[in-house]
Structures are given as structure tokens and as C-alpha cells.
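What follows is one structure encoded as C-alpha cells, with my remarks underneath.
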Amino acid sequence: MIDPATFRCRRCGACCRVPGYVALAPGEPEAIAAFLGLDVYAFTEQYTTLTWNRHDLSLTEREDGGCVFLLDDNTCRIQPVKPAQCRGFPFLWRSKRLEQACAALAG
């Protein structure tokens with residue numbers, strides 16, 4: 001288990017560039033839409049896709065696999081309302097692919 005007291009994110013943005021779903025929990029589309037000044041329908045049309053189960057929403061990715069909300073300076077455009085999945089990395093969940101990409105986890 002990673003100790004939150006000693007883990008130091010390097011703000012490299014690598015975790016936001018690994019392709020894969022960023023699943024949205026109930027209430028998150030509404031919160032992100034409000035933060036962006038969009039109605040929820042415009043937000044879901046522009047920034048989400050259905051996941052494999054055709055039930056849940058995921059944030060869309062750029063062509064390079066990066067998150068649509070990752071800015072050039074490796075910050076998150078929606079930081080105050082970013083999804084729980086993003087907030088939980090690497091403490092509540094992680095994957096082999098993300099572990100390999102994250103400079104802070106690699107050493």
C-alpha cells in the first residue's frame with residue numbers, strides 16, 4: 001500500500017495520458033457540467049462516451065489517449081470537480097499500466 005504521507009506526485013501528467021476509461025460516478029457529470037458552464041446534455045455530448053457496458057459514462061480521450069481535460073502544463077482543467085476515479089489514484093486503485101507510467105511510483 002502506498003503511504004499518502006510520503007507519496008509525492010511529480011505533476012508529470014503521465015497518469016492522465018494512459019488510455020482507458022475514466023468512469024463517471026452518479027452526480028459527476030452534473031458537477032463537471034456546472035463547473036464548465038454547460039448544461040449536462042451539452043457536457044455529455046461533447047466530453048463523454050458510453051463504456052463497454054453501454055450504461056456508464058466515461059470522459060473522452062484525445063487522439064493520443066490522454067484525458068480531454070489535461071492541459072499542456074500537466075494540470076487538470078476540471079481539478080476542483082475531477083472524478084473520484086482520478087482523485088483515488090494511486091491510493092484507492094491503480095493498474096500495472098499506470099504504475100509503469102507514474103514516475104513517483106517507479107521510484
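Since every read-out is calculated from the coordinates, none of them should be taken as a lab result. If you're wondering where the values come from, they're calculated on a predicted model, not measured in any experiment. Virtual Cβ from ideal backbone geometry, glycine too; neighbours counted across all protein chains shown.
Suppose the filter is among the charged types (D, E, K, R) and within 12 Å of the chain's Cα centre (by Cα); does Arg8 pass it? No: the conditions fail for Arg8. Among the residues of the stretch 81-107, the ones that are touching a residue at least 60 places away in the same chain (Cβ under 8 Å) and over 18 Å from Thr6 (Cβ atoms) come to 7 in all. Residues in the stretch 47-89 that are among the hydrophobic types (A, V, I, L, M, F, W, C), closer than 12 Å to Ala23 by Cβ and over 9 Å from the mean Cα position of the chain (by Cα): Leu50, Trp52, Leu57.
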